[in-house]
Protein chains: 4
Amino acid sequence: MKSEIEIKIRGYHADHFKHVNHARYLEFLEEARWNYFEDLNLIEMLFHPKSIFLAVFNIKINYRRSAVAGDTLRIETALNRVEKRKVIFSQKIYSKSSDKMVCDAEITNVLINTENKELIKINQEILEIWPELQKYYDTYK
Amino acid sequence: MKSEIEIKIRGYHADHFKHVNHARYLEFLEEARWNYFEDLNLIEMLFHPKSIFLAVFNIKINYRRSAVAGDTLRIETALNRVEKRKVIFSQKIYSKSSDKMVCDAEITNVLINTENKELIKINQEILEIWPELQKYYDTYK
Amino acid sequence: MKSEIEIKIRGYHADHFKHVNHARYLEFLEEARWNYFEDLNLIEMLFHPKSIFLAVFNIKINYRRSAVAGDTLRIETALNRVEKRKVIFSQKIYSKSSDKMVCDAEITNVLINTENKELIKINQEILEIWPELQKYYDTYK
Amino acid sequence: MKSEIEIKIRGYHADHFKHVNHARYLEFLEEARWNYFEDLNLIEMLFHPKSIFLAVFNIKINYRRSAVAGDTLRIETALNRVEKRKVIFSQKIYSKSSDKMVCDAEITNVLINTENKELIKINQEILEIWPELQKYYDTYK
């Protein structure tokens, strides 16, 4: 499954050089992951009832083209792979008008228990609520 | 007492028009109030032990001149007045090079109990730890 | 005309106290004003062709209730009044679930020429492209 | 040369989970790089007179521990390596109280001509103004 959102760039997203600042893109990517979670109903079905949150553990991001105020960005979010304690997303940001890639990123998350702050191992219960994970989990094993 | 900090403006503070964006100034002003609290040792002496925090209730801010990357801002923070449940700060931002005023703001805070989230009335205990408040409190009464 | 947008609050919008930070609301309000401008087609019809931008000159904002991650905010933007060189907006933020007011703000903008950075007086040409302004301008005169 | 700055974490730096949000760290790292440039006088000696700016091309960042409001962060910035058109920094963020690493990042910058937006190849003139670069440049060749 690939989740998509669009974000219109405003003057306040841009910096001194009139480009979207590199830190701001991480907010756009986080917004896009929340939309992915909502598309799969994970907030209501998994995160809240099981006291889980996904913490960002590692980010690799390439800035390929600049985007400026007035552009609309299309952000694609998809699972990339899964490890025992990690969920790795691939995210791509395109300029909607040119369809050219602005950024691509690999975001590694770990599952953390909101009560005791401990890492959670991906288990059967999680895989059932988030079946998308299963496919990647099988490959991992 | 007047507390002062300096902040050097970077490209990432500015927006599309190369000016510091109006939302970013509120972060600068908050930073300056935290420095005021530290100058008076209020975090250790009042906020943590008494489970108090100051929540922003009202902001009035005038943007008088623009500031750009490379400028250094000097921010002055002082009490303006005190009411039964409110502490009102006056904050002024100057460009350090020109000494001209960039912004001035009046920030009204309410004291909130971090445990039960209820408003706190300024009382004798608070006035003793934050004697600066006393002078303004007397005027108010 | 009243322009409306909705914004879903995420964890990254909130601060240490789990509330949306007061500076972040100014970004939400700016986003809502851009939507107002788009609803009236002002960016294409007025701002770009006439080299005009609206700079924030003064903000008055009241924080009435806190909003937390998961809430959806509804933001209403409408003209409040017009002066010779100023356009004043009234903006209200509601929690969508409770329909209670979270913030209300009065934002005063000045029209600035993007070429020479000088203030622009509201004139007949501007009033024709932005007829909404006319009604308030008449009251002002 | 290793440049160091300290940043005190405030409530507005933290997010819903009371941790500094991952996007905010990129602002801290950018602030630290600006300090590095200032330590070497590069803004006045190289960037402005030669119309150069360093654009972020790639970021790899590992989040190792969380940091919360009240912590002071120490950020170390040093050159890591140099390529024909790239300057790669290594940055490390430590909690000052525990001296434990909070984040480490590798930031790849490209030199861009602010006039024509074209990439700049590192040349003799640049190496003379930024001698630190020479050592790494020699290794690269």
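Only the coordinates and a few stated rules stand behind these numbers; no lab work does. All of these numbers come straight from a predicted model, not from anything done at the bench. Glycine gets a Cβ as well: all are built from the backbone with ideal geometry, and neighbour counts include every protein chain shown.
Some notes on this structure:
- Springs between Cα atoms under 10 Å define the GNM used for chain D, and in it the highest mean-square fluctuation of D:I93, D:I107, D:I129 occurs at D:I129.
- Exposure proxy ranking, count of Cβ atoms within 10 Å, fewest first, for D:T139, C:T114: D:T139, C:T114
- Once both labels are positioned 7 Å from their Cα atoms along Cα-to-Cβ, the gap between A:L127 and D:E4 label points is 4.8 nm.
- Inter-chain shielding of B:22-32 (mean C-beta neighbours from other protein chains, 10 Å cut-off): 6
- Among residues other than C:K86 with Cβ under 12 Å from its Cβ, the summed charge is +2 (Lys and Arg +1, Asp and Glu -1).
- Residues A:F53, D:F47, B:F28 arranged by fewest to most Cβ contacts within 10 Å: D:F47, A:F53, B:F28
- Relative contact order for segment A:1-132, counting Cα pairs under 8 Å that sit 6 or more residues apart, in percent: 28 percent
- Segment C:91-116 and segment B:47-110 have their alpha-carbon centroids 20 Å apart.
- Value of [θ]222 nm, deg cm²/dmol, for chain A, DSSP H segments ≥ 4, -39500 (n - 2.57) each, nearest 500: -7500 deg cm²/dmol
- In segment D:37-124, lysine pairs with alpha-carbon atoms under 21 angstrom apart (chain gap of 8 or more, or interchain): 13
- Chain B: angle of helix B:131-140 to the longest principal axis, Cα-based, in degrees nearest 10: 80 degrees
- Reference-scaled alpha-carbon Rg (2.2 N^0.38 Å with N residues) for chain B: 1.12
- FRET efficiency for the pair C:R85 and A:D99, taken as 1/(1 + (r/R0)^6) with r the Cβ-Cβ distance and R0 = 51 Å, rounds to 0.75.
- Angle in degrees between helix A:22-39 and the longest Cα principal axis of chain A, rounded to the nearest 10: 50 degrees
- Residues D:D71, D:D15 arranged by fewest to most Cβ contacts within 10 Å: D:D71, D:D15
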